[in-house]
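For reference, the structure is listed below as structure tokens.
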Amino acid sequence: MNVIAVHTYYQGLYNRVWVSGDLRQMLWCALLLDGECVLASDENWKCTYHSGYSACGKFGYDTAFAECYDSSSPEDRFYETAFDDGDWEFAKINTTGGWNLIPQASRQIAVYPVRPDLCKATERGLFLSFSTEAVGRLVVKAHGRNGDEVILRFGEEFAADGSVRYEMRCNCRYEEKWILSGGDDLLHSFDYKAFRYAELIFPQSVEIDDVWMEVRHYPYEKRYEYKTDNENLRKVLDLCENTVKLGTQEHYIDCPTREKGAYLGDMMVSGRAQAILTGDTTLLKQVAENFARSSFICPGLMAVSGCAYMQEIADYSLEFPALIAWIYSVDGDLDFLRRAEPWATGVYEHFRKFERPDGLLENVTDKWNLVDWPANLRDGYDFPLTNPIREGLHNVINALWYGLKLAMGEIYEILGKSADLGAKRTKSAFIEAFYRPETGLFADSALSNHSAVHSQIFPLLFGIGCEDEALKGRLVECIASKKLTSMGVYMAYFALAALKNAGEGALCETLATDEGAWLNMLAEGATVTFEAWGKEQKWNTSVFHPWAVAPLIVFSDEIRPY
């Protein structure tokens with residue numbers, strides 16, 4: 001006898017995780033064997049509400065509900081073949097959902113058990129430690145008296161008293177509850193979280209029979225090996241690789257704790273890195289297409305996809321055509337490039353609405369102008385980055401606009417299309433507006449003489465003014481002297497890519513192994529990369545943030561960095 005049992009969950013919150021808050025919940029599935037549909041959801045299926053789960057708080061930015069599970073609920077073990085569903089009702093067909101199914105090119109998530117490195121009894125219960133932070137859920141087998149409560153706390157680090165820091169710095173309170181039935185109980189938390197340590201608090205009447213972490217991530221088969229004799233660089237690369245392996249889920253998320261959001265800008269880094277490590281662009285192309293589908297909201301694309309949360313970031317959208325060109329440079333998939341070209345063109349046409357006659361963008365007010373994050377790592381960038389943005393010209397958005405035109409030109413050339421997007425005009429106007437002869441550097445805005453390191457990175461990356469070897473040298477020296485720690489880990493990717501393109505591979509290695517950069521994360525106990533260079537650089541630093549894996553891209557000898 002076989003049973004097909006599905007536990008669906010409609011969260012109902014507007015956040016960066018789900019398409020939710022619209023009351024269009026349903027189950028729609030089919031089972032195919034050897035290409036033949038042998039079972040599909042219909043009105044013969046039976047269903048009921050699972051009464052075992054209740055909420056006991058929320059995580060992050062309304063990202064998830066903390067779970068309280070009661071093993072004495074009638075629906076416990078509903079998935080077993082002997083379960084009696086005689087009093088369940090038959091399902092009804094939902095004709096108002098408005099959904100369409102699209103074949104999934106990417107693979108299913110890999111799920112597997114990982115045992116704790118340390119499982120130690122304490123005065124209050126049990127302490128668990130794993131060799132690395134990972135994404136998943138805790139599975140526990142236990143028995144005790146009916147009504148006994150087990151408190152579960154999860155964390156990425158320790159509190160001052162040595163206990164698990166479950167009120168985490170990233171604004172998640174990882175405390176949940178499990179109520180025992182009096183028999184042999186099994187806890188399967190529904191939602192995933194990221195943690196390295198766990199603490200179970202329970203009365204003496206409770207006995208834990210077994211416990212492990214059910215880890216989940218996108219299937220990972222490493223195909224690329226990095227060659228280096230630099231011991232510190234090897235440590236950095238290993239840290240970044242572990243982050244990509246464990247952090248990549250059904251898509252590329254910014255962090256698996258606070259937001260769980262598929263951010264376009266994060267994908268620019270972690271997506272490239274995952275494609276290089278695995279030699280497979282399938283997931284990267286699928287996620288890029290997910291973002292392209294947000295063009296029905298705005299042709300300039302959303303900053304986060306597959307969710308109910310509407311956020312737009314100009315920088316990320318301006319980088320999108322370059323990602324499309326990069327993917328083609330890696331796998332040569334001409335069909336994908338043809339399919340993606342209209343998406344990239346849509347982004348170009350959207351921003352062209354803000355273009356002045358001289359080819360520069362002014363007052364891109366419909367999207368947040370980010371420059372870098374967190375805000376305290378913008379090196380004093382002298383332009384008010386309010387949302388909406390203030391009037392005026394500033395450097396980074398216009399450098400990215402020029403870079404977009406270069407990428408569009410590359411895409412059109414490959415596809416045999418001819419179009420003059422005015423890249424030369426934009427480049428000349430950029431130099432005219434932002435270059436300061438008195439300092440020999442580029443300024444942050446048309447009205448400023450301040451030159452943040454960010455204002456030098458993109459001109460070097462895109463070769464703006466670099467026909468002048470002396471200017472090129474000053475841009476390199478500015479980045480070298482300021483170091484990566486003067487910027488965020490997001491901007492560090494572009495800085496290293498710019499230096500790599502400029503032939504400064506040795507300098508890339510020096511900066512990447514600076515004690516204040518990735519080595520500082522390791523010194524602070526990192527097993528995966530942080531959102532910033534150190535835990536205290538941001539008020540709510542996520543200490544599992546895959547957008548900090550730039551070395552995996554830059555130190556690949558076979559693939560261009562941008």
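Computed values, structure above
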{"item": "Qualifying residue in segment 360-377 (condition: part of a helix (DSSP H, G or I), of a type in the set (Val, Ile, Thr) and modelled with pLDDT of 95 or more)", "result": "no"}
{"item": "The lone exception for Cys466 - which of (1) buried (at least 18 other Cβ atoms within 10 Å of the Cβ); (2) part of a helix (DSSP H, G or I) it fails", "result": "(2)"}
{"item": "All positions within segment 66-86 that are touching a residue at least 12 places away in the same chain (Cβ under 8 Å), assigned to a loop (DSSP other than H, G, I, E, B) and charged (D, E, K, R)", "result": "Glu75, Asp76, Arg77, Glu80, Asp85"}
{"item": "Residue tally, condition free of Cβ contacts under 8 Å to residues at least 60 places away in the same chain and not in a helix (DSSP H, G or I), over segment 469-504", "result": "4"}
{"item": "Segment 537-562, residues that are in a loop (DSSP other than H, G, I, E, B) and buried (at least 24 other Cβ atoms within 10 Å of the Cβ)", "result": "Ser542, Val543, Phe544, His545, Val549, Ala550"}
{"item": "Strands (runs of 3 or more DSSP E) within segment 122-197 that include 2 or more residues in contact with a Pro (Cβ under 8 Å, 6 or more places away or on another chain)", "result": "125-143"}
{"item": "Scope segment 441-461; condition assigned to a loop (DSSP other than H, G, I, E, B) and touching a Lys or Arg at 6+ places or on another chain (Cβ under 8 Å); matching residues", "result": "Ala443, Asn449, Ser451, Ala452, Val453"}
{"item": "Hits in segment 265-283 - residues which are outside any helix (DSSP H, G or I) and surrounded by 24 or more Cβ atoms within 10 Å (Cβ to Cβ)", "result": "none"}
{"item": "Residue within segment 441-457 that is surrounded by fewer than 16 Cβ atoms within 10 Å (Cβ to Cβ) and out of contact with any Asp or Glu (no Cβ under 8 Å at 6 or more places or on another chain) present", "result": "yes"}
{"item": "Number of the exception - Trp88 against (1) over 30 Å from Thr243 (Cβ atoms); (2) loosely packed, with under 14 Cβ neighbours inside 10 Å", "result": "(2)"}
{"item": "The listed residue being in a loop (DSSP other than H, G, I, E, B), surrounded by fewer than 18 Cβ atoms within 10 Å (Cβ to Cβ) and not charged (D, E, K, R), out of Gln249, Gln286, Gln311", "result": "Gln311"}
{"item": "Failed condition for Asp358, given (1) more than 26 Å from Trp547 (Cα to Cα); (2) touching a residue at least 12 places away in the same chain (Cβ under 8 Å); (3) touching a Pro at 6+ places or on another chain (Cβ under 8 Å)", "result": "(3)"}
{"item": "Boolean, Val114 is hydrophobic (A, V, I, L, M, F, W, C), modelled with pLDDT of 95 or more and not assigned by TED's automatic domain parsing to the domain that holds Ala308", "result": "yes"}
{"item": "Inter-residue pairs, beta-carbon under 6 Å, first among the basic types (Lys, Arg) and in segment 175-190, second modelled with pLDDT under 95, 6+ apart", "result": "Lys177/Cys56"}
{"item": "Arg16 vs. criteria over 28 Å from the mean Cα position of the chain (by Cα) and outside any strand (DSSP E or B)", "result": "no"}
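Listed here are the residues, each with its yes/no results for (1) assigned to a strand (DSSP E or B); (2) of a type in the set (S, T, N, Q); (3) exposed (fewer than 12 other Cβ atoms within 10 Å of the Cβ).
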site: Val6; (1), (2), (3): no, no, yes
site: Leu23; (1), (2), (3): no, no, yes
site: Leu27; (1), (2), (3): no, no, no
site: Leu32; (1), (2), (3): yes, no, yes
site: Val38; (1), (2), (3): yes, no, yes
site: Tyr61; (1), (2), (3): no, no, no
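Residue-wise test of (1) at pLDDT below 95; (2) out of contact with any Cys (no Cβ under 8 Å at 6 or more places or on another chain); (3) closer than 15 Å to Ile559 by Cβ; (4) not hydrophobic (A, V, I, L, M, F, W, C).
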{"site": "Thr228", "(1), (2), (3), (4)": "no, yes, no, yes"}
{"site": "Asn242", "(1), (2), (3), (4)": "no, yes, no, yes"}
{"site": "Thr248", "(1), (2), (3), (4)": "no, yes, no, yes"}
{"site": "Glu259", "(1), (2), (3), (4)": "no, yes, no, yes"}
{"site": "Val269", "(1), (2), (3), (4)": "no, yes, yes, no"}
{"site": "Arg272", "(1), (2), (3), (4)": "no, yes, yes, yes"}
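One line per residue, one yes/no per condition, for (1) in contact with a helix residue (DSSP H, G or I) (Cβ under 8 Å, 6 or more places away or on another chain); (2) assigned by TED's automatic domain parsing to the domain that holds Tyr316; (3) not charged (D, E, K, R):
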{"residue": "Leu404", "(1), (2), (3)": "yes, yes, yes"}
{"residue": "Leu421", "(1), (2), (3)": "yes, yes, yes"}
{"residue": "Glu432", "(1), (2), (3)": "no, yes, no"}
{"residue": "Ala443", "(1), (2), (3)": "yes, yes, yes"}
{"residue": "Ala446", "(1), (2), (3)": "yes, yes, yes"}
{"residue": "His450", "(1), (2), (3)": "no, yes, yes"}
{"residue": "Ala470", "(1), (2), (3)": "no, yes, yes"}
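Quick grid of which residues meet (1) in contact with a Leu (Cβ under 8 Å, 6 or more places away or on another chain); (2) in the same structural domain as Thr541 (by TED's automatic domain parsing); (3) over 29 Å from Leu284 (Cβ atoms); (4) not in a helix (DSSP H, G or I):
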position	(1), (2), (3), (4)
Tyr316	yes, yes, no, no
Trp326	no, yes, no, no
Leu337	yes, yes, no, no
Thr345	no, yes, no, no
Tyr348	yes, yes, no, no
Pro357	no, yes, yes, yes
Gly380	no, yes, yes, yes
Glu410	no, yes, no, no
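The values are calculated or read from the model by the stated rules, or taken from the named source; none is laboratory data. This is a predicted model, so every value here is computed, not measured. Ideal geometry is used to build each Cβ from the backbone, glycine not excepted, and the neighbour counts take in all protein chains shown.
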